[in-house]
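Here the structure is laid out as structure tokens; the discussion comes afterwards.
We did not get these values from a lab; they are worked out from the coordinates using the rules stated. Just so we're clear, the structure is a prediction, and the values are computed from it rather than from any experiment. Cβ placement follows ideal geometry from the backbone for every residue including glycine, while neighbour counts extend to all protein chains displayed.
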Amino acid sequence: MTVKISQTPELQAFFKEVSGANSDQGSPRAKQLLLRLVNEVARIVEDLEVTDDEFWAAVDYLNRLGARNEAGLLVAGLGIEHFLDLLQDARDADAGYVGGTPRTIEGPLYVAGAPLSQGEARLDDGSEEGGATALFLEGVVRDTDGNPVPGAIVDLWHANTRGTYSYFDSSQSEYNLRRRIVTDAEGRYRARSIVPSGYGCNPAGPTQECLDLLGRHGQRPAHIHYFISAAGYRHLTTQINLSGDKYLWDDFAFATRDGLVGQVVFVDDQAAARARGVDGRHAALEFDFQLQPAASQAGEQRSQRPRVLQES
């Protein structure tokens, strides 16, 4: 077939009708996006000679992806969430925003409303004590001139030793390994937790099914997620991936970036352990953050991405 029927005037008029372009009701933005989407799908079907069987298999896949709540996971796995970060980096550069800690993907496992502490907090509930390695985490939130930012909220969350997260893993207590810490007068936050494990996509899930077709693994290195916010500063969504992990630079979600590798130091000294209130080997990690100044109050806010237990 030499003629691309998707580009004929008749089909273009049909696609405009489908997208509601002929109606003065509804959302102009939704119409614009849907018109582009319908056109792109039609061109893919036509240009790549997609068969009926392939098309309906894709529809079935999308149904199963949604039923398993894995759309957010697949978006990360296909690099689209990383692309959004790169796109925002480019927009920031054009707007003159420079410096600060790099952003990276949020992922789909944030839960709002974690307990709020002043200066320091313990993240874990003690349920893995004796099996997990205690982790002592601290750092300073600064501005791009190096000045400490007191009163910043450090909202952090991570997986347990089995690579699962509270709320999504019903065996864990509420808000296990999730806390919000307000930085002290020196801009410092401190936390006691456990060394998290990396993890992989559910091998029977639709995300891994897609990755298998692409010849890719679905593994993530051990990491800790952060939201950092403060009045007068741009909200930062980021995460630190832990040094020494096999998948540190081979993260299926493409979240590892220069400047976001946390150097974990394992300590075997018993006197140091006693000073920290633990017995035996433990780990320490120090990681500082820099926030960019916000040009407006809107810049202080995180995105309106739908999340579990949305903030009021």
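How far apart, in nm, are two points set 7 Å out from the Cα along the Cα-to-Cβ line at Leu11 and at Ser296?
4.0 nm
Across the range 193-204, in residue order, what do the Karplus-derived ³J(HN,Hα) couplings come to in whole Hz, using 6.51 cos²θ - 1.76 cosθ + 1.60 with θ = phi - 60° and x for Gly and Pro?
Residue by residue, the range 193-204 yields 8, 10, 5, x, 9, x, 7, x, 4, 4, x, 9 Hz.
Mind ordering 168-181, 220-233 by average Cβ neighbours within 10 Å, highest first?
On the way: 168-181: 17.4, 220-233: 21.4.
Averaged packing, sorted descending, gives the order 220-233, 168-181.
Which net charge results for the neighbourhood of Val140, defined as the other residues with beta-carbon distances under 12 angstrom from its beta-carbon, given Lys and Arg at +1 and Asp and Glu at -1? All intermediate terms of the calculation are to be shown ahead of the outcome.
Values: positive: Arg142, Arg188, Arg190; negative: Glu138, Asp143, Asp184, Glu186, Glu286, Asp288.
With Lys, Arg at +1 and Asp, Glu at -1, the neighbours total -3.
So, R0 is 25 Å and r is the distance between the beta-carbons of Leu37 and Arg216; what FRET efficiency does that work out to, to 0.05? Provide the component values of the computation, followed by the final result.
On the way: r = 25 Å, r/R0 = 1.01.
E between Leu37 and Arg216, to the nearest 0.05, is 0.50.
Can you list residues from other chains, or at least 5 along the same chain, whose modelled amide H is less than 5 Å from the amide H of Phe289?
Hits under the 5 Å cutoff: Val140, Val141, Arg142.
Any chance you could check the Cα centroid distance between the range 251-312 and the range 51-89 for me, in angstrom?
28 Å
Starting from the Cα of Val308, step 7 Å along the direction of its Cβ; do the same at Tyr61; then give the gap between the two resulting points in nm.
It works out to 2.7 nm between the two label points.
Straight-line reach from Lys246: which lysines have a Cα under 17 Å away, not including same-chain ones fewer than 8 places off?
Excluding near neighbours in sequence, the set is empty.
Percent antiparallel among DSSP beta bridges with both residues in the chain, to the nearest 5? All intermediate terms of the calculation are to be shown ahead of the outcome.
Details: 31 of 49 bridges.
Around 65 percent of the beta bridges assigned by DSSP in the chain are antiparallel ones.
Skipping prolines and chain starts, which residues have an amide H placed within reach, meaning under 5 Å, of the one on Ile181, given they are 5 or more residues away or on another chain?
Residues meeting the criterion, in which the H sits 1.01 Å from N, are Ser117, Val154, Asp155, Leu156.
Once phi is turned into θ = phi - 60°, what whole-Hz ³J(HN,Hα) does the Karplus curve with 6.51, -1.76 and 1.60 give for every residue of the range 158-167, x standing for Gly and Pro?
7, 7, 8, 6, 9, x, 10, 10, 4, 6
Using each residue's phi in the range 129-137, evaluate 6.51 cos²θ - 1.76 cosθ + 1.60 at θ = phi - 60° and report the 3J(HN,Hα) Karplus result to the nearest Hz, with x for Gly and Pro.
4, x, x, 8, 8, 4, 10, 10, 10
Could you name the lysines in cross-link range of Lys16, using Cα to Cα under 19 Å and dropping any fewer than eight places away on the same chain?
Lys4, Lys31
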